[in-house]
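**Q** The structure's right below; bear with me while I get my questions together.
Derivation of every value follows stated rules applied to the coordinates shown; laboratory data play no part. None of these values were measured; they are calculated from a predicted model. Here the Cβ positions follow ideal geometry from the backbone for every residue, glycine too, while neighbour counts run over all protein chains shown.
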Amino acid sequence: MRSATLMTMLAATLVLAACDASEETGTMPMASEDMPMMQSGEAGRTASAEGTITAIDADAGTITVDHGAVPAVDWPAMTMAFEAGEALRGELAVGDAVTFEFRTSNAGNEIISVTER
């Protein structure tokens, strides 16, 4: 009788443990899954990088840049979209080689100045 109670308790524990491992606890899909998450200390920092403009999206208010590594915020080289004001978007064209300064925040990353190389 004692071993039957022990086996029942063990089985119940295993069933409850399996219930907690649902698929809903997986990761949330993101547009930039290969981009490392920003550490809390990086939020609000400015950094500069060099890259090439690959897209300008007036509707989204973004400029996409294929940029080199950015050691100041521990980013590898990648292609990503940055928020950019209308004036900056109007000055640039796809294919332009640029040096740019940007600000990181929890809401996104914004180009604050850019110069063609």
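**Q** Which length gain, in nm to one decimal place, applies between T115 and T52 when the Cα-Cα distance is subtracted from 0.36 nm times their residue separation?
**A** 21.6 nm
**Q** Shifting gears a bit: Considering only the other residues whose Cβ falls under 11 Å of the Cβ of A84, what net charge follows from Lys and Arg at +1 and Asp and Glu at -1? Write down the numbers at each step before the final one.
**A** On the way: positive: R89; negative: D57, E83, E86, E91, E110.
Result for the neighbourhood of A84: -4.
**Q** Could you please report the charge total around A97, scoring K, R as +1 and D, E as -1 over all other residues with beta-carbon less than 13 angstrom from its beta-carbon?
**A** Summing Lys/Arg as +1 and Asp/Glu as -1 gives -3.
**Q** What distance in nm lies between label points placed 7 Å from Cα along the C-beta direction at A60 and A72?
**A** It is 2.4 nm.
**Q** If you take every residue apart from T115 with its C-beta less than 14 Å away from the C-beta of T115, what net charge results, scoring Lys and Arg +1 and Asp and Glu -1? Mind dumping the intermediate values first?
**A** Values: positive: R117; negative: E50, E91, D96, E101, E116.
Within the 14 Å Cβ shell, the charges total -4.
**Q** Now, a different point. Exposure proxy check: R117, R45, R89 ranked by fewest other beta carbons within 10 Å?
**A** The most exposed by this proxy come first: R117, R45, R89.
**Q** Between F100, T54, T115, whose Cα lies farthest towards the positive end of the dipole of the range 43-116 when Lys and Arg beta carbons carry +1 and Asp and Glu beta carbons carry -1, centred on the Cα centre?
**A** F100
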